[in-house]
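Take a look at the structure below.
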Amino acid sequence: EVESYIRKENEKRGYVEIKTPAILNEDLWHRSGHWDNYKENMYFTEIDETKFAIKPMNCPGGLIVYNSNIHSYRDLPLRVAELGFVHRHELSGALHGLFRVRAFTQDDAHIFCTEEQLADEIINTIDYYLSVYKDFGFKNFEIFVSTRPKKSIGTDEAWELATNSLINALDKLKIAYKINEGDGAFYGPKIDFNIKDVLDRNWQCGTLQVDFSLPMRFEISYEGKDGRKHTPVMLHRAILGSMERFIGILTEHYNGKFPLWLSPLQVAVVNVLNDKNQIDRVKEIADVLKKEDL
C-alpha cells in the first residue's frame with residue numbers, strides 16, 4: 001500500500017519509473033567514486049572472472065539510463081524514480097529490527113535539470129516531502145542541512161553552489177533548519193528530513209541531495225538552446241527513505257492501529273448464524289467491498 005501510494009504521487013508530479021540491475025561492474029563504482037569513498041559499506045562478487053559490486057545506491061544505474069538517450073533542454077527537468085533494492089554492509093551489532101538492515105528498498109528518484117531550474121526543483125521537491133509526511137500523519141519535523149564530509153569528490157565551488165541552493169530554498173519557504181557539519185554524501189550536500197513520532201522520537205527518513213560531481217564523472221549532457229552540450233545538475237531524492245524502516249516507524253507511530261487506508265485488515269465481515277442465506281449475503285457484501293479496494 002505504501003509503494004502504491006508513492007507511485008501514484010510520483011505519477012502526479014511527472015516522474016517516470018525505471019528498474020536498474022542489482023549487480024553492476026566494478027569499473028562503474030570506481031568511476032562513480034563509491035570505490036574510494038564507500039567501499040567498506042559494499043558487497044562484492046565475481047562472475048566469469050569479472051568483478052562486480054552489489055549496488056548500495058541506485059544513482060550509477062540511473063546515470064546509465066540517462067545516458068542511453070540523447071537529451072535536449074526541452075526534456076528537462078527529467079524526473080526518474082526507482083523503488084530500488086540496495087545492499088549495504090552494516091556491522092552486525094548495529095542491526096536493529098526494521099530500523100537498521102543490510103538490504104532495503106528505497107523510494108529513490110533522480111531529477112536531472114539545468115542550473116536555472118535547480119532552485120524551483122528543490123522548492124517543489126521539499127513541498128512534495130512535506131505533503132507526503134502530512135498524508136501519513138506526521139506533523140513535526142526537524143530539518144538539517146548536511147555539509148561536505150572529509151571523504152568527498154568535486155570542487156569547492158560546486159559544493160558551495162550546491163549547499164547554498166539547499167539553504168536558499170529552505171529560507172525562501174521559511175522552514176527552520178540546523179547545519180550538520182560534515183555529514184553530507186561524498187558527492188554532494190543534502191537536506192535530511194527527521195520526522196517525530198507520537199512519542200517525540202526523531203527518525204531520519206528523507207534526504208535531498210544536490211550533485212554536480214556524478215554528472216561530470218559520467219559525462220552526461222543535454223543540448224542547450226545554443227546548440228552546445230551542457231552538463232545537467234542531478235538531484236538525488238528519497239522521501240520515505242528505506243521503505244522497511246518507514247514501515248517500522250509507521251507501526252511505532254500508530255501503535256499498530258493504522259489509519260483505514262493503510263491497515264492490512266481494513267474490514268471484517270462476519271456471519272453470526274450458520275445459515276446458508278446469511279453466508280451467501282456475507283459473501284456478496286465482501287465482494288462489493290473488494291471491488292472498492294478494501
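The values are calculated or read from the model by the stated rules, or taken from the named source; none is laboratory data. Quick caveat, the model's predicted, so the values are computed rather than measured. Every residue, glycine among them, receives a Cβ derived from its backbone with ideal geometry; neighbour counts consider all protein chains shown. Protein only, heavy atoms only, side chains kept; ligands, DNA and RNA dropped before computing areas. Shrake-Rupley method; radii C 1.70, N 1.55, O 1.52, S 1.80 Å.
Scan the strands (runs of 3 or more DSSP E) fully inside region 68-177 and keep the ones with 1 or more residues being under 25 Å from Asn255 (Cα atoms), aliphatic (A, V, I, L, M) and free of Cβ contacts under 8 Å to residues at least 60 places away in the same chain.
103-113, 141-146
Which pairs have Cβ atoms under 7 Å, sit 6 or more apart or on different chains, and link a residue in region 8-27 that is exposed (fewer than 13 other Cβ atoms within 10 Å of the Cβ) to one that is small (Gly, Ala, Ser) and in a helix (DSSP H, G or I)?
Pairs found: Pro21/Gly61.
Is region 207-229 home to any residue that is closer than 25 Å to Asn140 by Cα, of a type outside the set (Phe, Trp, Tyr), in contact with a His (Cβ under 7 Å, 6 or more places away or on another chain) and not in a strand (DSSP E or B)?
No - not one qualifying residue is present in region 207-229.
Within region 263-279, can you find the residues that are open to solvent by 100 Å² or more (accessible area, probe 1.4 Å) and more than 30 Å from Ile247 (Cβ to Cβ)?
Val272, Leu273, Asn274, Lys276, Asn277
Mind listing whichever residues of region 121-136 are crowded, with 18+ Cβ neighbours inside 10 Å and acidic (Asp, Glu)?
Glu121
Per-residue answers, yes or no, for (1) at pLDDT below 90; (2) surrounded by fewer than 20 Cβ atoms within 10 Å (Cβ to Cβ):
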position: Thr155; (1), (2): yes, yes
position: Ala169; (1), (2): no, no
position: Lys172; (1), (2): no, yes
position: Ile179; (1), (2): no, yes
position: Gly182; (1), (2): yes, yes
position: Gly188; (1), (2): yes, no
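Inspect all residues belonging to region 29-40 and state whether any of them is closer than 25 Å to Pro215 by Cβ, buried (at least 18 other Cβ atoms within 10 Å of the Cβ) and touching a strand residue (DSSP E or B) at 6+ places or on another chain (Cβ under 6 Å).
yes
Among the residues of region 28-46, which ones are part of a strand (DSSP E or B) and either farther than 18 Å from His89 by Cβ or in contact (Cβ under 8 Å) with a residue 24 or more places away in the chain (or both)?
Tyr43 - this is the single residue of region 28-46 that is part of a strand (DSSP E or B) and either farther than 18 Å from His89 by Cβ or in contact (Cβ under 8 Å) with a residue 24 or more places away in the chain (or both).
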